[in-house]
Amino acid sequence: MHDADCIFCKIVKGEIPSTKVYESDSVYAFEDANPMMPVHVLVVPKNHYRNIADSIPDDEMAALMQAAGAVAKLKGIDESGFRLVTNTNDDACQTVHHVHVHVLGGAQMNEGNPSLKA
Ligand code: AMP
Ligand code: ZN
């Protein structure tokens, strides 16, 4: 359920401060500490899963994606446009191994996939 050493589990539990954007029964969303775009929010399941390829129950997976859309609406970027990114393992430079969806927007992005580490 939770990993004692995981920073996003600590954020979900309130042990590390965060700026909350959205919350539901199973999902928490907060401002990225190092924003790459004018809007940069992280959406995480409250339960600990390592990445999007982990065994995530259908209802929690649905809630995660619904929350990403809700965050875009709350931030006013649902019409202008936004991008969802889920870095997974080393080739994609995943640094926090608690699955999270980056909600990115608020400015024109390049075509193709962004390289968040570039
Ligand atoms: P990733 O590289 O896809 O694993 O993304 C991890 C993201 O977590 C990065 O964009 C970091 O800026 C962000 N991050 C790390 N620690 C925190 C924190 N304590 N609060 C908010 N965002 C964080
Ligand atoms: Zn975790």
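Annotations for the structure displayed:
- Here the chain is treated as a sphere whose radius is the Kirkwood value from Cα pairs; by Stokes-Einstein at 25 °C and 0.890 mPa s it diffuses with a coefficient of 170 µm²/s.
- Take every Cα pair under 8 Å whose residues are at least 6 apart in sequence, average their separation, divide by the length of region 1-53, and the relative contact order is 32 percent.
- Residues Glu31, Glu111, Glu60, Glu15, ordered by accessible area of protein heavy atoms at a 1.4 angstrom probe radius and largest first, appear as Glu111, Glu15, Glu31, Glu60.
- Taking the chain and dividing mean pair separation by its residue count, relative contact order in percent (alpha carbons under 8 Å, at least six apart): 28 percent
- Here the chain has 47 percent of its accessible surface on carbon and sulfur atoms, given a 1.4 Å probe and all protein chains in place.
- Selected from Ile11, Val96, Ala53, residue furthest toward positive end of dipole (the chain; charges at beta carbon): Ile11
- 5 angstrom amide H check on His2, placed H, neighbours 5+ away: His48
- Nearest-20 debye value, the chain charge dipole, Cβ charges on Lys, Arg, Asp, Glu: 300 debye
- Extension reserve of the Asn34-Lys20 stretch, reckoned as 0.36 nm per residue once the Cα distance is removed: 3.5 nm
- Taking the chain as the region of interest, the number of lysine pairs whose Cα atoms are within less than 18 Å, with members eight or more places apart or on different chains, is 6.
- Under 5 Å from the amide H of Gln94 lie the amide H atoms of Thr88, Asn89, each residue being 5 or more positions distant or on a separate chain, with H modelled from the backbone and absent for Pro and chain starts.
- Calculated FRET efficiency, Ala62 to Gln108, Cβ-Cβ distance, R0 = 35 Å: about 0.70 to the nearest 0.05.
- Accessible area per residue, Å², region 1-93 with all protein chains present, probe 1.4 Å: 57 Å²
- Rounded FRET efficiency, nearest 0.05, which uses the C-beta distance separating Cys93 from Asp3 and R0 of 22 Å: 0.65
- Dmax and Rg, reported as Rg then Dmax, of region 45-96 (C-alpha, Å): 12.7, 33
- Dividing the summed -39500 (n - 2.57) terms of all DSSP H runs of n ≥ 4 by the residue count of the chain sets its mean residue ellipticity at 222 nm at -6500 deg cm²/dmol.
- ³J(HN,Hα), Karplus 6.51/-1.76/1.60, whole Hz, each residue of region 58-69, x for Gly, Pro: 3, 5, 6, 5, 4, 4, 4, 6, 4, 5, 4, x
The values are calculated or read from the model by the stated rules, or taken from the named source; none is laboratory data. These numbers were taken from a predicted model, which means no experiment stands behind them. FYI the Cβ positions are ideal-geometry reconstructions off the backbone, even for glycines, and counts take in every protein chain you see. For the accessible areas, the whole protein counts, side chains as well, though only heavy atoms, and no ligand, DNA or RNA atoms are used. Shrake-Rupley method; radii C 1.70, N 1.55, O 1.52, S 1.80 Å.
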